[in-house]
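**Student:** Sharing a structure, written as structure tokens. Questions coming.
The values are calculated or read from the model by the stated rules, or taken from the named source; none is laboratory data. All figures in this text were calculated on a predicted structure; none of them were measured in a lab. Cβ sites come from the backbone with ideal geometry, for glycine too, and all protein chains shown count toward neighbours. The protein model used for the area step is the full one, side chains on, heavy atoms only, and it has no ligands, DNA or RNA in it. Shrake-Rupley method; radii C 1.70, N 1.55, O 1.52, S 1.80 Å.
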12 protein chains.
Amino acid sequence: MSDHVYKTIELTGSSTTGTDDAVRVAIARAARTIRHMDWFQVVETRGHIEEGAIAHWQVTVKIGFRMED
Amino acid sequence: MSDHVYKTIELTGSSTTGTDDAVRVAIARAARTIRHMDWFQVVETRGHIEEGAIAHWQVTVKIGFRMED
Amino acid sequence: MSDHVYKTIELTGSSTTGTDDAVRVAIARAARTIRHMDWFQVVETRGHIEEGAIAHWQVTVKIGFRMED
Amino acid sequence: MSDHVYKTIELTGSSTTGTDDAVRVAIARAARTIRHMDWFQVVETRGHIEEGAIAHWQVTVKIGFRMED
Amino acid sequence: MSDHVYKTIELTGSSTTGTDDAVRVAIARAARTIRHMDWFQVVETRGHIEEGAIAHWQVTVKIGFRMED
Amino acid sequence: MSDHVYKTIELTGSSTTGTDDAVRVAIARAARTIRHMDWFQVVETRGHIEEGAIAHWQVTVKIGFRMED
Amino acid sequence: MSDHVYKTIELTGSSTTGTDDAVRVAIARAARTIRHMDWFQVVETRGHIEEGAIAHWQVTVKIGFRMED
Amino acid sequence: MSDHVYKTIELTGSSTTGTDDAVRVAIARAARTIRHMDWFQVVETRGHIEEGAIAHWQVTVKIGFRMED
Amino acid sequence: MSDHVYKTIELTGSSTTGTDDAVRVAIARAARTIRHMDWFQVVETRGHIEEGAIAHWQVTVKIGFRMED
Amino acid sequence: MSDHVYKTIELTGSSTTGTDDAVRVAIARAARTIRHMDWFQVVETRGHIEEGAIAHWQVTVKIGFRMED
Amino acid sequence: MSDHVYKTIELTGSSTTGTDDAVRVAIARAARTIRHMDWFQVVETRGHIEEGAIAHWQVTVKIGFRMED
Amino acid sequence: MSDHVYKTIELTGSSTTGTDDAVRVAIARAARTIRHMDWFQVVETRGHIEEGAIAHWQVTVKIGFRMED
């Protein structure tokens, strides 16, 4: 609980299902290489339209993780 | 419909399910003590990560309700 | 892929189901008259409360589409 | 009251009288061709100065109207 | 004049007359229950349109008041 | 109409009457020492409350004027 | 010079050359169908990267034009 | 750790000492009546000048606290 | 207390000590030539890093002062 | 390198050529009366349209300069 | 085209030539170590002034690239 | 002084002492692995409250450093 330092990275998850799933996709990808992830914050929600319907949801999140001491 | 006055409060709902549910949790809690609620607006979507996965979704909403005359 | 021009319009979709569905409603309505839609961006998420519960989710999106040459 | 879709347009009304009148001018012009207007939101208040005094007030509003089903 | 603490609340006043009157309506309502009000700040100006004309002006203000020691 | 340069200054006008008058007060004061004023833009609307009522409206404007060649 | 009303639309011009050219492309396309254009404002500058180099500059502008009386 | 709801209030602390102390003053005042306070966020730092020197630092904070179940 | 006009200027104070001191440095410099200073607002906090440590804190403040009648 | 104070002014340069040139025009005009200019920041890019083509580019910059000790 | 994840980094390119070139410099530097770059977005345009003229243009861009699966 | 490129990262320093110390903690941690750090900018100041008092100050900074040529 002492003077930790956190780093923030920004990822965009993509999903054909919806906004919450796009966030989960981004967190899951980050979890493959980053430890001690602590929080996320949604910064943008966009999407790609094809043939008049939503093809992909794209949600950009900031992810904060504790740096190793 | 005449010169009403509305008050806005800011709540953060938390949910293990997703963003929409976090909003519902916040509105439901407010409904226990506030009458005449009229609208809400999402102001921030964050979450808590544990063991590399989303543990809680946290959505902050402004809620507007009509003040008693 | 040459020097195309895109136009952006702003629509608000309404849904009793949730945020993602409100976006789909807006895109579907636009698809009835607009061709070559390419992307959308969520700019505001609000809703209407009745009897202490969410009656409608209202999501405002910007929609970009390629103009005819 | 079901899943309606609203469109937003942005107009700038101009008036020699003041800010409220500039808004009314913009709404009145829109009313000549748009039906089902529902709300407006002021997004910018500017003006033109001539000879050291305000010559025109220019207020930009977003206007939302319900699209025909 | 020493280390006072102020609280901010957010109200939306509604008026058929204009923006300044909508602010006055909000302040007047607040004055019925709050003492030591000190300042306000306009945060949003919207309105409701009926039959192609402005039916209500809705101005949201933050109001700051000194808390009792 | 060639390559002119404009300077912007920021003033806050105060009035007991209302927002539009506070803008006029600021412009009138500026006109005493500045020539070639061309436009203004409202950047903040605040006010001072005394005894539960608005004592002063305070509107901050940016004012642009053409610099002498 | 009397109480005119202006409408704002938002276009994104695309160019392989640079930012200024992308703005010109957007204005030129608008000029084919819109009369009385009066001003533009840049709201976003983005681009597409291919093979490690800029393939297209994409500049989004708001364009204001006077509505016919 | 289940679906809690948090409320946010906005206070302005005042101090003759500095910015950090102004935050502490606001938190201390809130602690007299609010339980389960969890976080704060600085939203504005202002101050009052008298005789050419800083008389008071005024820091506005949002304070989040868990609502009783 | 009548219809005063205030002017705002923007200064950046620099200090090797910390943020509060950088604000004091800016106010002190302004006090050498400006009378009737009334308030300040912090608009940006930056700094310069040398050899992996903070060499200067740079705080930008808006300063408001009453103009002579 | 010790505790310097910088002042920021805001100018709008105009050019028939393009955005970069409009910035140069503003800096060149400022250089005629201001010494010790250190940096600039673009805050807005607009332009004037005549006969369906860009007549002037107007770029607003903040310019920072060191105040004399 | 399935559920890709993109990462965003923020670089500042510097150039003595102009804004577009500063963007190219940043992209070119990134291309030396990053593959699958897809888009960029300008977030800030600043510059350094020496002897009353622009010495360097400094443009900050966010660059998005697809992460390896 | 030629066409350098800078990279920006975002860290959150935590401290029980105050805001300036939280910034120093973040810079010190970054200095262990990053060379050529040049500037920082505060983007958010938050904190954690325990038992009605501030337990940790959390300041998020953007840090810019020159990339190796």
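**Student:** Show me H:39-52, K:32-45 ranked by packing, highest mean number of other Cβ atoms within 10 Å first.
**Tutor:** On the way: H:39-52: 17.9, K:32-45: 16.2.
Ranking, from highest mean packing down: H:39-52, K:32-45.
**Student:** I'd like the mean, over residues of J:10-17, of how many other protein chain beta carbons sit within 10 Å of each residue's own Cβ.
**Tutor:** On the way: counts 8, 6, 10, 4, 7, 3, 3, 2.
Average neighbour count from other chains, rounded to a whole number: 5.
**Student:** For a quick size check, give me the Cα extents of the protein assembly as shown along its three principal axes, largest first, whole Å.
**Tutor:** Over the protein assembly as shown, Cα extents along the principal axes are 67, 66, 63 Å.
**Student:** Lysines within cross-link reach of C:Lys7: Cα-Cα under 26 Å, excluding same-chain residues under 8 positions apart?
**Tutor:** Within the straight-line limit of under 26 Å, C:Lys7 reaches these lysines: C:Lys62, D:Lys7, D:Lys62, G:Lys7, G:Lys62, K:Lys62.
**Student:** Quick one: buried accessible area between F and E, total over both chains, 1.4 angstrom probe, nearest 100 Å²? Show your work: numbers first, answer last.
**Tutor:** On the way: alone 5180 and 5190 Å², together 9260 Å².
Buried area between the two chains comes out at roughly 1100 Å².
**Student:** When Cβ neighbours within 10 Å are restricted to other protein chains, what is their mean count per residue of peptide J:60-66?
**Tutor:** Per-residue shielding by partner chains comes out at 3.
**Student:** Suppose the Debye formula is applied to equal point scatterers at every Cα of chain L; what is log10 I(q)/I(0) at q = 0.22 Å⁻¹?
**Tutor:** Log10 I(q)/I(0), no solvent term: -0.86.
**Student:** Give me the percent of the accessible area of chain J that comes from carbon and sulfur atoms, probe 1.4 Å, all protein chains in place. All intermediate terms of the calculation are to be shown ahead of the outcome.
**Tutor:** Details: 1370 of 2980 Å².
The nonpolar share, carbon plus sulfur, comes to 46 percent.
**Student:** Here's something else I'd like to know. Among C:Gly52, C:Val23, C:Thr8, pick out the residue whose Cα is farthest towards the positive end of the charge dipole of chain C, where Lys and Arg carry +1 and Asp and Glu carry -1 on C-beta, about the Cα centre.
**Tutor:** The residue sitting most towards the positive pole is C:Thr8.
**Student:** Using alpha carbons only, how many degrees (0 to 90, rounded to 10) separate the axis of helix G:19-31 from the longest principal axis of chain G?
**Tutor:** For helix G:19-31, the angle is close to 40 degrees.
**Student:** Can you figure out the FRET efficiency of A:Thr16 with B:Ala55, using R₀ = 22 Å and their beta-carbon distance, to the nearest 0.05? Don't jump to the answer; show the numbers that get you there.
**Tutor:** Details: r = 25 Å, r/R0 = 1.12.
Efficiency, from the Cβ-Cβ distance: 0.35.
**Student:** Right, another one. Short version: ³J(HN,Hα) in whole Hz for each residue of region B:5-10, in order, from phi by Karplus 6.51 cos²θ - 1.76 cosθ + 1.60 (θ = phi - 60°), x for Gly and Pro, what are they?
**Tutor:** Values per residue, Gly and Pro as x: 10, 10, 10, 10, 10, 10 Hz.
**Student:** If the only charges are +1 at each Lys and Arg Cβ and -1 at each Asp and Glu Cβ, what is the size of the charge dipole of chain F around the Cα centre, to the nearest 20 debye?
**Tutor:** 160 debye
**Student:** Considering only C-alpha atoms, what is the centroid distance from chain G to region E:3-31, in Å?
**Tutor:** 40 Å
**Student:** Search the structure for amide H atoms under 5 Å from the amide H of K:Met67, placed 1.01 Å from N in the peptide plane, and list their residues when 5 or more places away or on another chain.
**Tutor:** HN-HN under 5 Å from K:Met67: K:Val5, K:Tyr6, K:Lys7.
**Student:** Tell me, what is the per residue accessible area of region H:22-69 in Å², probe radius 1.4 Å? Provide the component values of the computation, followed by the final result.
**Tutor:** On the way: 2140 Å² over 48 residues.
Result: 45 Å² per residue.
**Student:** Per DSSP H run of n ≥ 4, the term is -39500 (n - 2.57); total these for the protein assembly as shown, divide by its residue number, and report the mean residue ellipticity at 222 nm rounded to 500 deg cm²/dmol.
**Tutor:** Details: 12 runs with 156 residues, N = 828.
Taken over the protein assembly as shown, the calculation gives -6000 deg cm²/dmol.
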